[in-house]
Amino acid sequence: MGRRIVVGNWKMNQSHQEALDLASKVQSACENISEVHVILAPPFVSLIPIRDCLYGSNISLAAQNMFYQESGAYTGEISPLMLKEVCDYVILGHSERRSIFRECNETINKKVIAALKHGIRPILCVGESSRDRQLGDSITAVKLQIEESLQGLSHVGELMVAYEPVWAIGTGESASPEVIDTISSECIRSTLVSLLGDSGKAIPILYGGSVTSLNVAEFLDCDQVDGVLVGGASLDYKQFIDIVNRSQAPA
Ligand code: PGA
């Protein structure tokens, strides 16, 4: 396993000044941390100033979304050409994009292809809904999301997959290590390997959904889990740094 990965998804939070302050505090606290790869995903409007503030640091930047077209009449959208100068990663297929903005796997697939074409590394989010879970369909649902989102791709560059059960996002109810173990090995890893062959073995898998400094160690203990995608707790500087620190030592 390589370095652990901790992604902070700030979602639609923070004024511009608050975002800059948070990024610079995280940067100073992470100065001497080399065992963890920290990636921050601030709102679009703060990406460029935060990129400048993080210049020369060991922290990477991600956008929270991206459209697949390069330019044109797409009011309100941000293209891969605009992002590639600014950040190395992009979160795609987050469940809030899927449920609130009706993004389907076909759209996410176009976004993954566009990101890879422009050298932006996708953090592809997948996860079952509470209905899938109740029906015992979690594995089928997650497998389909991966297959359709990666359709037509035989080479995925430095893709990461984040397993984020929808029922665990922002609810305080995280998935148990047993569920994460089952989904990450029997579904995510096996689907990646069947689609991509040996290169599917090296794709990092993250867990996301109500991660806090108190429970992060349980997730990192899971066999296939290389890191975490943190929402709410990434807005609390002390807690986020605690999560990063706890991600340092191998479990
Ligand atoms: P949460 O969000 O940590 O607040 O549950 C995770 C996510 O949406 O990526």
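The values are calculated or read from the model by the stated rules, or taken from the named source; none is laboratory data. Quick caveat, the model's predicted, so the values are computed rather than measured. FYI the Cβ positions are ideal-geometry reconstructions off the backbone, even for glycines, and counts take in every protein chain you see. Accessible surface areas use protein heavy atoms only, side chains included; no ligands, DNA or RNA. Shrake-Rupley method; radii C 1.70, N 1.55, O 1.52, S 1.80 Å.
Observations on the structure shown:
- Rounded to the nearest 500, the helix-only mean residue ellipticity at 222 nm of the chain stands at -9500 deg cm²/dmol, with each DSSP H run of n ≥ 4 adding -39,500 (n - 2.57).
- Taking amide hydrogens as placed 1.01 Å from N in the peptide plane, the amide H of Gly208 sits under 5 Å from those of Tyr163, Glu164, Leu229, each at least 5 positions away in sequence or on another chain.
- FRET efficiency for Lys117 and Ser71, using Cβ-Cβ distance with R0 set to 22 Å, rounded to 0.05: 0.95
- For the stretch 154-160, putting each phi into the Karplus relation 6.51 cos²θ - 1.76 cosθ + 1.60 with θ = phi - 60° gives couplings of 10, 9, 10, x, 9, 6, 10 Hz, in residue order, rounded to whole numbers and with x for Gly and Pro.
- Here the Karplus curve 6.51 cos²θ - 1.76 cosθ + 1.60, taken at θ = phi - 60°, turns the phi angles of the stretch 98-103 into couplings of 5, 7, 7, 9, 6, 6 Hz, with x standing for Gly and Pro.
- Cα-based shape type of the stretch 91-216, given that a ≥ b ≥ c are square roots of the gyration tensor eigenvalues and the cut on a/c is 1.5: prolate
- Residues of the chain: accessible area per residue with a 1.4 Å probe, Å²: 45 Å²
- Computed across the chain, the Kirkwood hydrodynamic radius from all distinct Cα-Cα pairs reaches 18.0 Å.
- What the phi angles of the stretch 193-198 give under the Karplus curve with 6.51, -1.76 and 1.60, with θ = phi - 60°, is a coupling list of 5, 6, 7, 10, x, 4 Hz, glycine and proline written as x.
- Once each of the GluC sites (Glu not before Pro) sitting in a DSSP loop with at most 16 other beta-carbon atoms within 10 Å is removed, the chain keeps 174-251 as its longest stretch.
- Under 5 Å between amide hydrogens, built in the peptide plane, is the criterion, and for Val6 it picks out His37, Val38, Ile39, Val228 among residues at least 5 positions away or on other chains.
- Positive-end ranking of Cys125, Gly157, Leu135 along the dipole of the chain, with charges on Cβ about the Cα centre, is headed by Gly157.
- Nonlocal amide H pairs with Ile91, under 5 Å, H built at 1.01 Å: Ala63, Gln64, Asn65, Ile123
- Approximating the spin labels as points 7 Å out from Cα along Cα→Cβ, the Cys53-to-Glu173 distance works out to 3.6 nm.
- Span-like helix ranges in the chain, DSSP H, alpha carbon extent 24 angstrom or more, Kyte mean at least 0.0: none
- Lysine pairs within the chain, Cα separation less than 26 Å, 8 or more sequence positions apart or different chains: 19
- With every protein chain in place, the stretch 4-246: carbon and sulfur % of accessible area (1.4 Å): 49 percent
- Charge dipole of the stretch 110-251 about the Cα centre (unit charges at C-beta), most positive-ward option of Ile188, Pro204, Val112: Val112
- Net charge over other residues, Cβ less than 12 angstrom from the Cβ of Glu103 (K, R count +1; D, E count -1): +2
- Of the residues Cys53, Cys222, the one with the largest accessible area comes first in the ranking Cys53, Cys222, computed with a 1.4 Å probe on protein heavy atoms.
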